[in-house]
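Notes to accompany the following structure.
The values are calculated or read from the model by the stated rules, or taken from the named source; none is laboratory data. If you're wondering where the values come from, they're calculated on a predicted model, not measured in any experiment. Cβ: placed from backbone, ideal geometry, glycine included. Neighbour counts: every protein chain shown. For the accessible areas, the whole protein counts, side chains as well, though only heavy atoms, and no ligand, DNA or RNA atoms are used. Shrake-Rupley method; radii C 1.70, N 1.55, O 1.52, S 1.80 Å.
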Amino acid sequence: MSLDSLPPDFAAILGQSGIIADPADMEAYLCDWRGLWRGEAMAVLRPASTDEVAACVRLCAREGIVIIPQGGNTSMVGGATPEAKPRQVVLSLARMNRVLEVDTADMTMTVEAGLVLANAQRAAEEHGALFPLSLGAEGTAMIGGLLSTNAGGNTTVRYGNARELMLGLEVVLPDGSVMNGLRRLRKDNTGYALRHLFVGAEGTLGIITRAVLRIFPAARETATALCAVPDEDTALALFRRFRAADEGAVRAFEYMSGIGMELVTRYVEGATLPLSEASPHYALVDLSASREGAGLRALMETVLEAAMEAGEVTDAALAESEAQRAAIWRLREEHPEAQKRAGASVKNDVSVPVSAVPTLIREASEACRALIPGSRPVPFGHMGDGNIHMNLQQPEAMTAEAFLARSHDIMETVNEVVRRLGGSFSAEHGVGRLKTDMMAEWRGGAELAAMRAIKAALDPKGIMNPGKVLPGDA
Ligand code: FAD
Ligand code: MLT
Ligand code: ZN
């Protein structure tokens, strides 16, 4: 499909200002980061302002053309890529990438939706502040995508998900009208909190164009350690020790398995284990404080010493410099890339109550091994908020195709454990197109009916990212 299939006045109205991408450059927008989905589009639209987004949406609404909003296209669930269907466009926010204001009096930052997360962090830093959202895709993922998925990441344990970092939103609705909720108020109880509808909606209700975000005082002191721990229970016990010692200091607490660490050090150039021996389990502890002289190094050492005495930690490497801190974080953040290089994997982005994390890891790993002998469970992630990526790597002696053909069984096997533990099948990546078939069972009845009613009210023509989130609305 090509530009030619767009209605003629699209080019006349949008063509002048460079909104319609060169067809030769479309490929990157049609395929997802994992390489699992590739679709088609009549065009990729790249508006540079809210008015241009609204103009695009009005034209698509008039013609009943489907719109797939796209940010950094790092979705793990196929949320931002088009399907192999006619009459759809990808609408990329990439040109709306400005920081509009950083306000250190009110501790807010107003930005456009296409701003890359790392640039948002940098802008806050330049003003002596902190935008705390942090995840492996931060060099690519954009504010609109992060809000639309209610992204979590490494710092949820301290600062919450993307939703908690948002005060106001501007959204272009599916009829092309603009909802201006770009307020910066900490308190605002004036009817339905509409802005929250669009957070986690994965582009199915409208297009986020600008946002007011919360910023925080910059960290003046940090302490980071990679710990070898004997098992899942001791990893959790270590988290509890830090939480009890000073909950406010824990910026991140991440779990990694021996297999995951082995993949990272094997497949990622320059990634080395800063410990004398490999361990079956690891915990990454990151402490930070905005106060100088907070004594985090001493806190880290005291807690680790007690944990070692109790047999909860067998070895630990404490970062002595920013470079060492970054190297430790790299071992954690390169897990997705290492898994990608190591062959096919099935991702299970699940959450359970924090106390149930050890049971989840053990039982889901065992169930996966029993389902596919030779498969390698690679559990890792955000232990401090009960969100573990219960990923499964293909057996070395199996083809990627044969392994991926079992995706559904693998996800169901993990979900069976998650269900028993009172968890969720999607903690932070969203539903996208990958998990729509889980919605009826997990969010069925009145919940799903209410979601459908909201969708029908805001998007009666069903042009906003159909086939994502809600089952059977394609
Ligand atoms: P996209 O992938 O482009 O889009 C995601 C969804 O939002 C789609 O449904 C899309 O239609 C919609 N959308 C995008 N922009 C808009 C907009 N402006 N208005 C309305 N809808 C929009 N996620 C986590 O939560 N935590 C992690 O720790 C984490 N780690 C990751 C590590 C790696 C290496 C990778 C590749 C991904 C990781 N992710 C993680 C997943 C991903 O980065 C997040 O889901 C992120 O929020 C997506 O942002 P994006 O800009 O790439 O959005
Ligand atoms: C991460 O936390 O690194 C990603 O969300 C997990 C994944 O790739 O499965
Ligand atoms: Zn994650």
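A few comments on the model shown:
- Restricting Asp437, Asp349 to residues that are under 26 Å from Val199 (Cβ atoms) and either more than 13 Å from ligand 1 (Cβ to nearest atom) or open to solvent by 10 Å² or more (accessible area, probe 1.4 Å) (or both) narrows the list to Asp437.
- Residue among Gly384, Gly343 that is touching an Asp or Glu at 6+ places or on another chain (Cβ under 9 Å), under 30 Å from Thr149 (Cβ atoms) and in a loop (DSSP other than H, G, I, E, B): Gly343
- Out of Pro377, Pro395, sole residue that is crowded, with 21+ Cβ neighbours inside 10 Å and not hydroxyl-bearing (Ser, Thr, Tyr): Pro377
- Helices (runs of 4 or more DSSP H) enclosed by the stretch 396-456 - at least 1 residues per element that are within 16 Å of ligand 3 (Cβ to nearest atom): 407-420
- Residues in the stretch 40-56 that are surrounded by 19 or more Cβ atoms within 10 Å (Cβ to Cβ) and within 20 Å of Ala141 (Cα to Cα): 6 in all.
- Residues located in the stretch 302-317, provided they are in a strand (DSSP E or B) and open to solvent by 40 Å² or more (accessible area, probe 1.4 Å): Asp315
- A search for C-beta distances below 7 Å between a residue of the stretch 371-387 that is closer than 17 Å to Pro280 by Cα and more than 10 Å from ligand 3 (Cβ to nearest atom) and any residue that is open to solvent by 40 Å² or more (accessible area, probe 1.4 Å) and among the basic types (Lys, Arg), counting only pairs 6+ apart in sequence or on different chains, returns Ser375/Arg369; Pro377/Arg369.
- Residues located in the stretch 334-349, provided they are over 15 Å from Ser407 (Cα atoms) and either more than 12 Å from ligand 2 (Cβ to nearest atom) or hydrophobic (A, V, I, L, M, F, W, C) (or both): Ala338, Arg341, Ala342
Let's see how each residue does on (1) crowded, with 24+ Cβ neighbours inside 10 Å; (2) touching a helix residue (DSSP H, G or I) at 6+ places or on another chain (Cβ under 9 Å):
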| position | (1), (2) |
| --- | --- |
| Arg58 | no, no |
| Gly64 | no, no |
| Pro69 | yes, yes |
| Gly72 | no, yes |
| Glu83 | no, no |
| Arg87 | no, yes |
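- Filtering the stretch 251-266 to residues that are in a helix (DSSP H, G or I) and either of a type in the set (Phe, Trp, Tyr) or open to solvent by less than 10 Å² (accessible area, probe 1.4 Å) (or both) leaves Gly260, Met261, Leu263, Val264.
- Filtering the stretch 102-159 to residues that are open to solvent by 10 Å² or more (accessible area, probe 1.4 Å), within 26 Å of Glu254 (Cβ to Cβ) and either acidic (Asp, Glu) or in a strand (DSSP E or B) (or both) leaves Val116, Glu125, Leu130, Glu138, Met142.
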